[in-house]
Each structure stands twice: as C-alpha cells, then as structure tokens.
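Here the structure is laid out as structure tokens; the discussion comes afterwards.
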Amino acid sequence: METVDDVRAALAQHDYLADEGLATAIFLAIRLQRPLLLEGEAGVGKTEVAKVLARWTGGELVRLQCYEGIDAAQAVYEWDYARQLLHLRAVEAGGGEVVEDELYSERFLVKRPLMRAIAYEADSLGAVAPPVLLVDEVDRADDEFEAFLLEILSDYTVTVPELGTFHAEVPPLVVVTSNRTRDVHDALKRRCLYHWIAHPDFERELAILRVRAPEVPDQLAREVAAAVASMRELELYKPPGVAETIDWANALAALGRTTIDEHAVEVTLGTILKYREDQERTRASGIEELVRTAAERSA
Amino acid sequence: MPEAATPGVEHSPVAAPTEPDRLAVGFARVLRGAGLDVPVGTTVLFAEALGAVGVSTRDSVYWAGRTTLLSRPEDIELYDRCFAAWWERVFQLGSAPVEEREVILAFDADGDDDAPEDDSSEPRDAPTLAVRFSRAEVLRQRDFAHYSPDEFAESRRLMDDLRMSGATRRSRRMRASRHDRGRPDLRRTVRRALRTAGEPISRAYVEPSERPRRLVLLCDVSGSMEAYARGLVRFLHAAVVGRGRVEAFAVGTRLTRITRELSSRDPDAAIAAAARRVTDWSGGTRLGEGLRQFNDEWGIRGMARGAVVVILSDGWDRGDPELLGEQMERLHRVAHQVVWVNPLKSSPNFAPLARGMAAALPHVDEFVEGHNLASLEQLARIVSGEKVTR
C-alpha cells in the first residue's frame, strides 16, 4: 500500500466506496499508526469502515460497543471469579494450600476487547495481522472511560498488576466512532486523526447502490439516488443516510418496481423516513414533484 | 515518531526544514490567525501526514490537513476558506513563507494541560452562599436591569457560589455497596475468600451509583433581553465552570454553542470569548429557528435526552410561533425536564402574551423568573430536583 489511491482501490474491492477525504484519512491512520476518529450523521457508514478494514487487512475485527458506565472490567480484562472460587474449593478439598499467585494467572484472565486488540496472537498459520479495533459510539461512554481509553491508545500497552504488561508489537488499527451527543475530549481528539463523513453526492450514492444492492434495476437505482438527494434538501429532522437509501432501493425492488412513481413512494416512505414529521414534510412539499425531479435528475 | 502529547519533543532542532515541515508550520500559523486552535503536536502530525501523502496536488494537501488539523465539523468552513487563501499564496510565491519555528513553539507549549483527568475534579467545596450580609441580601433581590456597574461586579462573587447541578439519576456504573444488598461483587468476594482459606464467608455486593443529569442552558441574547444578558451570561459561566456535564448555548437569530468559550475559569476572559463567538449579540430573535437547530444538531442526538434543559428568554420571538411550539414539543419529548426562565415574569402585570411564550408554555415543566440573584438561586434548586414550594 503506497498511495491514497491504493487504499481506495483496496476498499472498493471489498465493496466500500470511499471518497478521497476518507481514503486519505485511512491511509494516514495506517501509515502514521494513529487511531482514526470518525464522526458523521447516523447511517453514513462509520462502523462499516472498521468492518471493511478488517476484511481487507485480514485482521480480526474487535468491537467495543460503548455505553454509559462501561468500565475496565468490561473493556479491558476481568478475572474469572467463578472459576477462581471453584479452584479455591477444589484445592481446599484436596487438602492443598491456596497460593494467591496461582489464582491470578493467565488462565483465570478474561480478555475483553481492548486487551484482545493489544495482546493478540499469531493465527494458526503463524501470520500476524494486527486486529482492527472498533470503539463504537465513544460519546456514549462517560469521560472517565475516555481518559482510560486515551491511556491505552497512547502506547498500546495494558498492564495487569498481578501479571505484568502486555504490549502490541504492531499496534492494532483503531477506528473510533462518535455521534456527537457530547464532545469527545480534546486530548483524545489530539491523539486521533479526524474525519467527518458527509452524505454522499448523487454519483457516489449511485455507485454505492450498485455495489451494495446489485439486484436493484439500474434506472430504479438512479431515481432512488436522485430522490434521496432531493429529500436531503428538505430540512428534515433526520435526513436519510446511505443505509436508508439501500433499504429503500431494496424495498422498491422487492415490490417489483423498475422506476419510482407517486404511489410507490407513498407506500414505501416508511423505509426511508423514520419520523412522522419528516414524512409529513415530504408529502407537503409534494411527492409528485419529488418523483418528477428524480426522473429529470437521473436522466 | 514524535508524540503529540509531549510538546518537548519539538525542541530538537531540525537542521533544514524539509518542504512539508515549512508548509505545515506556515499553514498552522494561518489557521491560528483565523482563530482555530492548533496545538504544536497537531502541526507535527500534519507535517508527517504531508510527508506520507506528498505535497504534489492541492487535494492531497487539503485532505492531509483536514484529517490532522480539524476535529469538529463546524470548523470545516473556516478551514476551507483559510486553505483556499493560503494555497493561492503558496502557489503564487512558489514556496511557503519562511516561518520562525521558535515563535510557533511559544504559542501553546501548554497544549496538553487539559488532560481528561483534570476534568473529573469534584465541584470546589465553596460554601453555597455562606456569606449573606445585608448588602448581598439587597443585591440578591435587585433586578439585573437596574444594576450599577459596581453592583454588577459585586454580584459576580455571589454568582460564583451558585452551584448548578442536574437532578441525579441512576447510573449504570456500579459501586461497592456498604449494605448487603444489590448484586454480588465477585471480585471483592474472591479477595476476601483468600483470607478465609478459600471459603467465601464474607460476601461483597455492588449497587448502581447515582450521577447528575446533564444540564443544558439556552440563553436568549437578542435585543429585548439586553438588560438581562450580562447577568445571565455570567450565570451561565458560573454554571459551566461549576461542574461537568453542563452545556451552554446562545440563541439570537442563530444558535451558537458557547460551552468551550465559557469554560475558562476567569469570568471576564470567558465572557469576552463567548461574546466574540456570538456574532448576533443584541440582534433579533428567532427562538423557533434556534431551538430547531439545537434539536437537529445536538439535542435529539443525545445532548437533551434525559437532561434538564433550561431556556432563559423573555419569549419575544420574531419568528413563527408555530415553529417554536413544534420545537418545544420535540424537546420536551426527549428531555427529563424543561425549565423556562423569564426575567419579565416578576413584573406584577406580566402575562405570557408574547406569542412565542404562549406557544412554548404547554411544553414547559417549570416556569420561573430570572431577574435577580434570588430567583437564580431558586432556579438552581429546581434544577437539582429539590421540591420547591412557591
């Protein structure tokens, strides 16, 4: 992998069409060994980036879904207390002496995502592809956890007091996503490369549809992409994301449509707009108009 | 690779700055001049990125910069403008203007002093309004609109003692229970069992802890609120600095997030920074538009979910009252509590006749006055979930 275009081509081979900005960000994340922080509207494919990176590099995808109250026990490691207790009882029943060190050995250690991404091992063939670590929706975790994450992402080591320090020979590829329900702390942002994923333009969305929904007829795909582009200009509460576009195209194709018309849009509106207010706004602005513009734009 | 977190690394002299270095430093300078925060570590990262993608095309430089220098979508527009101007200049001159590196380094050597752990500090244990001598008492009751500059200065100290914190709710974070209830805590149980030869005689438990709800303050800074704006913004500052999980916005003809500006400890510096950020100070009001923007960009996504939202406004709205009502309804659906603070409410013949106010009221949980310190104390109590008798 030498240039940004190589990254683009490789991602395209794995069905992900990145624009130059995203491809540059990914290229730099790999080359500079920095975590990549992705923000953007819901449904623009933030999480998908990590999945496609894993497919491409062959590294294991290690996903850490953040939520409020997540702590080290769920994110890094935990001791297997039930087994420890059993072991204690077993040793005692055998009349043996319980040694503390024995309880805190690696076989009682439960590795959670962050640790799995650091202390990974070569696969059965002896090849080592560093895992792809996806820290999803980091804004859902609380700031205490963020500080903790920063520490691990800074030097890619995890220390277990009873056992010692685990260090990643080759750091994992790290993708952090955020929905901006709160600001991610500056220190974490400074550690990461940053990319804002915007909604795709008509051409790109059409290309994505062709790749991700190949069974949708070409003309229908064009009209769907055009109609979605118009909808995004309507000041909706939740403008449709790429995921919704794909769903909508698939829904229309499943109904046997090859083009869109007023009735088809009306009955499938729920697959693309998930707010009642948004549906009303779209109806108020005229579905007929929407269909006509879509036909013109896609011509 | 130099660590972004250690500004000291950059002191190692670079014998002859290569082209990407010069470009990076020059552009970082331009961005700083435009008001963007560009720490030294970030500039170094940008230079490395340029080294990796090359500087041959405009696009590669543009994206290398956007990926490394920006961290918020709001800054993209400014970045684009700066980039266009700068690129033009570099292109015309044929090379980047030579920069003196030491000057840059002096800029923010303390770029890292706000590491997250500093943030978790507990609220300062200042006594809450411990001092109540008579002058303060008079001041507490006095209408902000009638303050003399001296009284205003005096009131600041009293504001510092106001502690705003949202009502608490159950957190998903567990803490050790002092009583034998809740879920078993195996970690501590195993530890204790070691003391008793592996027999878990003494058992430990965990229970959910409590944490304050997020507090979101939306302050109307339009012309009609001018008399109150300085008092209320000072109040916003006290709230933001007082503890974490507080967000502050200014609403005029548009919405401006001022949490970052207000988070400086020095009130004068903070308020000056906020005033620079808010470009529509004392202009018109489009509350509905502002709220809509808040709901779309911040609130519904999560900032307002389960939060206590306080709107400080007189309700005079030049926009469409229907829009305001609709947006208030949306906000009310996700927020834990919506409090409307109206400084005019204290006047004896006040009736919520402003069209905006009338449209908003059905979606408000608490409607309080906010014309003086005493009423803001009352607000602080309501927000913290205390039952207030009125």
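Which loop trypsin sites (Lys or Arg not before Pro) in the range B:215-291, with loop taken from DSSP, have no more than 10 other Cβ atoms within 10 angstrom of their Cβ?
Here the sparse-neighbourhood loop sites are B:265.
Using only atoms on other chains, find how many Cβ atoms lie within 10 Å of each Cβ of peptide A:18-29 and report the average.
That works out to 4 on average.
Would you kindly derive the ³J(HN,Hα) couplings of the range A:14-21 from the backbone phi angles with the Karplus curve 6.51 cos²θ - 1.76 cosθ + 1.60 (θ = phi - 60°), listing them in order in whole Hz, with x for Gly and Pro?
Per-residue couplings from phi come out as 9, 6, 10, 9, 9, 7, 4, x Hz.
Taking R0 as 30 Å, what's the FRET efficiency between residue A:210 and residue B:333 from their Cβ-Cβ distance, rounded to 0.05?
0.20
Around residue A:228, what is the net charge, scoring Lys/Arg as +1 and Asp/Glu as -1 over all other residues with Cβ under 9 Å from its Cβ?
Around residue A:228, the surrounding residues sum to -1.
Lysines within cross-link reach of residue A:238: Cα-Cα under 16 Å, excluding same-chain residues under 8 positions apart?
List returned: A:274.
For labels at residue B:148 and residue B:276 in the simple 7 Å Cα→Cβ model, what's the distance in nm?
Label-label distance for residue B:148 and residue B:276, simple model: 3.2 nm.
Under a plain spin-label model, where a point goes 7 Å from the Cα along Cα-to-Cβ, how far apart in nm are residue A:167 and residue B:318?
6.4
Treat chain A as a sphere of radius equal to its Kirkwood radius over Cα pairs and apply Stokes-Einstein at 37 °C in a medium of 0.692 mPa s; give the translational diffusion coefficient in µm²/s, rounded to a whole number.
So the translational diffusion coefficient is about 150 µm²/s.
As an exercise, identify the GluC sites (Glu not before Pro) in the range B:199-290 lying in DSSP coil whose Cβ has no more than 15 other Cβ atoms within 10 Å.
Sites meeting the loop and neighbour criteria: none at all.
What FRET efficiency do you get for residue A:5 and residue B:84 if R0 is 22 Å and r is their Cβ-Cβ distance, rounded to the nearest 0.05?
Calculated value: 0.40.
Could you tell me which GluC sites (Glu not before Pro) in the range A:191-280 are loop residues by DSSP with no more than 15 other beta carbons within 10 angstrom of their beta carbon?
When the GluC sites (Glu not before Pro) of the range A:191-280 are filtered for loop state and at most 15 Cβ neighbours within 10 Å, A:215, A:233, A:235 remain.
Quick one: grab the alpha carbon gyration tensor of the range B:254-390, order the square roots of its eigenvalues as a ≥ b ≥ c, and give me rounded if a/c is under 1.5, else prolate or oblate depending on whether a/b is larger than b/c.
Here the range B:254-390 falls in the rounded category.
Mind checking B:59-68 for the average number of partner chain beta-carbons within 10 Å of each residue's beta-carbon?
6
Mind giving me the nanometre distance, one decimal, between the label points for residue A:128 and residue A:151, set 7 Å out from Cα along Cα→Cβ?
The answer from the label model is 2.5 nm.
Can you work out the Karplus-derived ³J(HN,Hα) for every residue in the range B:69-86? Use 6.51 cos²θ - 1.76 cosθ + 1.60 with θ = phi - 60°, whole Hz, and x for glycine or proline.
9, 9, 9, 9, x, 4, 8, 4, 4, 4, 4, 4, 4, 4, 5, 4, 5, 5
For residue B:345, go through the aspartates and glutamates and keep the ones whose alpha-carbon is under 20 Å away, minus same-chain ones fewer than eight residues off.
B:143, B:220, B:226, B:314, B:317, B:365, B:366, B:369, B:377
Cross-link candidates for residue A:189: which lysines have Cα within less than 17 Å, leaving aside residues fewer than 8 places away along the same chain?
Leaving aside lysines fewer than 8 places away in the same chain, those within reach of residue A:189 are A:46.
A short reminder: the numbers here are calculations on the coordinates, not readings from a lab. This is a predicted model, so every value here is computed, not measured. FYI the Cβ positions are ideal-geometry reconstructions off the backbone, even for glycines, and counts take in every protein chain you see.
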